[in-house]
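Data block below; observations after.
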Amino acid sequence: MENRTAVDQMMSPVGKLVITVRKAKTGEIVKLLEYKNLILNKMKAQLSYLLSVATPGTRYLNRMQFGTGTTVATVGDLTLESPITPAKSITTVSYPTPTSVMLVAFLLETEANGFAVTEAGLLCADGTLVARRVFGSLAKTVDFIFQFNWTISF
């Protein structure tokens, strides 16, 4: 990876997606996966609007969506390749460091069963996809709850 200046690092967010698969009945962790994710061009556009009051109200991160797409993410992606769920509300927001935010969403034991989940996306309230990650297949059944922790760092 190229060397980035401190200003470049501050102005170019990076993402990390951690997926925890738990047994629905016991809460036991059966799989823990960690991925870097691609921050899309639309994230930079959304961030620029946060610096003004021109368009208040819909530019914040509030949902994740999951799918079965396998095409590698590109910075120009506008949607997931094959969404399988309605966008899921983010249930928890925390700030692990002064320059990062972690967002958490779940696929519960009653959701997306029978699908091989292979992609996840981070959405703003206005529906803009700002981050996307494609990963190895995770078979979703009633036996499992998937927890998605998405961290964006500046």
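Structure data summary
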read-out	value
Which numbered condition residue 123 misses (of (1) more than 18 Å from residue 73 (Cα to Cα); (2) at pLDDT below 95)	(1)
Conditions (1) in contact with a strand residue (DSSP E or B) (Cβ under 8 Å, 6 or more places away or on another chain); (2) over 17 Å from residue 32 (Cβ atoms); number of the one not met by residue 104	(2)
Number of positions in segment 71-112 that are β-branched (Val, Ile, Thr), out of contact with any Asp or Glu (no Cβ under 7 Å at 6 or more places or on another chain), more than 22 Å from residue 142 (Cβ to Cβ) and surrounded by fewer than 16 Cβ atoms within 10 Å (Cβ to Cβ)	8
Among residues of segment 63-97, those that are at pLDDT 90 or above and in contact with a Ser or Thr (Cβ under 8 Å, 6 or more places away or on another chain), counted	10
Breaking point among (1) modelled with pLDDT under 95; (2) under 18 Å from residue 69 (Cβ atoms), for residue 138	(1)
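The values are calculated or read from the model by the stated rules, or taken from the named source; none is laboratory data. Computed from a prediction, not measured in an experiment: that's the story for all the values here. Neighbour counts are summed over all protein chains in view; Cβ atoms, including those assigned to glycine, are modelled from backbone coordinates with ideal geometry.
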